[in-house]
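As structure tokens, the structure follows; a few thoughts come after it.
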Amino acid sequence: MEAIRTYGLTKYYGKTRGIEHIDLSVQQGDFFGFIGPNGAGKSTTIRTLLGLIKANSGNAKIFGLDIAKEKEAILERIGYLPSETAFYPGMYVRDALKLSADLHRQDCREEANRLCERLQLDTGRRTDELSFGNRKKTAIVCALQHKPELLILDEPTGGLDPLMQREFFEILRERNKTGTTIFLSSHILSEIQHNCVNAAIIREGEIIASGSVAELSRTGTKRVSVRGTMDCSALSGVIDLHISQGNMDFLYSGNVQSLLRTAATGDIQDISITDPDLEEIFLHYYEKGGAEE
Ligand code: ADP
């Protein structure tokens, strides 16, 4: 069963492109990453899914329910963490948590206490006096305390220090193990690489690649570092060439035989050919606009 399915979802803000023809499929139980640079359309997709804004065209289903027709039934089963959090002025953290629990018509005190303890969140503070990180923690508890089947998290880790980020992902992994579907949007690639099983990459409002994180990492591109010199001018597939003080460094997506033949005719003391890290690969996706190679 699919937790999320979108069909050609398109949203324009006046003439500004939000998202175009987004087709997403997220299976129930998945830990799914939605990656893209700022302004790519991640929040627009999420807000459309939640019925906070209306698509211009296309459609989507959550747990098989139509987002346009069965919004309330869907929202009952979701925990949503917005990218920017706002609370009513003068509210205490415990009030914000209670309000959120009441909206789900549940007594969540036990789980809320457990989460606050793990995230070291003081519920006796006023929300308008909180640091960005503590506001984020409050929003995290609001999204998780009613133990929803699907968590939709929009850039969740901004403002959290590294220890808190680790604790937060530990909580998510525990939830995922007990069947919760997690949809995590982020522009931080290592976050997706370390935590997600499947992912989609969005760029300028369109999905440019999707699949397992392992598959997305396997582009065939290599990083080549050379001590010495070789003539790369006739080689196709050389990207991002840097030459400095007798060293050459580049990404290579061409034929390996051609690379080795060219290297053999160069003046080389040492060469290493390695897999680039995920960060470099995704930059490549962003720049080239797809996984066509
Ligand atoms: P992301 O979440 O990936 O950073 P967004 O979905 O926020 O991207 O933005 C996608 C595009 O839609 C951007 O060009 C952004 O400027 C535009 N956009 C987002 N929200 C609005 C809005 N409320 N009004 C006008 N344009 C918007």
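The values are calculated or read from the model by the stated rules, or taken from the named source; none is laboratory data. Keep in mind the model is a prediction, meaning the values are calculated, not measured. No Cβ is skipped: glycine too gets one built from the backbone with ideal geometry, and neighbour counts run over all protein chains shown. The accessibility values were calculated without ligands, DNA or RNA, using every heavy atom of the protein model including side chains. Shrake-Rupley method; radii C 1.70, N 1.55, O 1.52, S 1.80 Å.
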- [ ] Determine the gain in length on full extension of the stretch N56-R109; use 0.36 nm per residue of separation and subtract their C-alpha separation, reporting nm with one decimal.
- [x] 15.1 nm
Open item on the list: With a 1.4 Å probe and all protein chains left in place, how much of the accessible area of the stretch 141-189 comes from carbon and sulfur atoms, in whole percent?
Closed with: 54
Task: Area accessible to solvent at I208, 1.4 Å probe radius, in Å² - done: 30
- [ ] Taking H placed 1.01 Å from N in the peptide plane, check which residues at least 5 places from Q27 or on another chain put their amide H under 5 Å from its amide H.
- [x] A3
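Might you tell me the accessible area per residue for the chain, computed with a 1.4 Å probe and given in Å²?
Values: 14840 Å² over 293 residues.
Value returned for the chain: 51 Å² of accessible area per residue.
How much of the DSSP beta bridge set in the chain is antiparallel, as a percent to the nearest 5?
70
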Task: Degrees, to the nearest 10: 278-288 long Cα axis against longest axis of the chain - done: 80
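Quick one: with all protein chains in place, what share of the accessible area of the stretch 14-63 is carbon or sulfur, to the nearest percent (1.4 Å probe)?
Carbon-and-sulfur percentage of accessible area, whole number: 45.
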Task: Amide proton proximity set for R203, modelled H, under 5 Å, gap of 5+ - done: I208
Open item on the list: Could you tell me the extents of the chain's C-alpha atoms along the three principal axes, largest first, rounded to whole Å?
Closed with: 73, 41, 37
- [ ] Tell me the label-point distance for the pair H194, L65, using the 7 Å Cα-to-Cβ offset, in nm and rounded to one decimal.
- [x] 3.5
TODO: Starting from the Cα-Cα distance between I271 and L283, subtract it from 0.36 nm times their residue separation and give me the gain in nm to one decimal.
DONE: 2.0 nm
Task: Cα-projected label distance for I171 with R17, points at 7 Å along beta-carbon direction, nm - done: 3.7
TODO: Please work out how much accessible surface C232 shows to a 1.4 Å probe, ignoring ligands, DNA and RNA, in Å² rounded to 10.
DONE: 20
- [ ] Cross-chain or 8 or more residues apart, Cα under 18 Å: how many lysine pairs in the stretch 24-115 fit that? Count them up, please.
- [x] 6
Open item on the list: Give me the mean projected area, in nm² to one decimal, of the convex hull enclosing the Cα positions of the stretch 1-99.
Closed with: 7.8
Open item on the list: To check you understand DSSP bridge types, tell me what percent of the beta bridges within the stretch 62-220 (both residues inside) are antiparallel, rounded to 5.
Closed with: 45
Task: L163 accessible area, assembled protein chains, probe 1.4 Å, Å² - done: 120
Open item on the list: Using only the heavy atoms of the protein chains and a 1.4 Å probe, how would H242, H21 rank by accessible area, largest first?
Closed with: H21, H242
Open item on the list: Need the C-alpha centroid separation for the stretch 238-265 versus the stretch 155-231, integer Å.
Closed with: 28
- [ ] Kindly give Rg over Rh for the stretch 187-257, based on alpha-carbon atoms, with the Kirkwood expression for the hydrodynamic radius.
- [x] 1.09
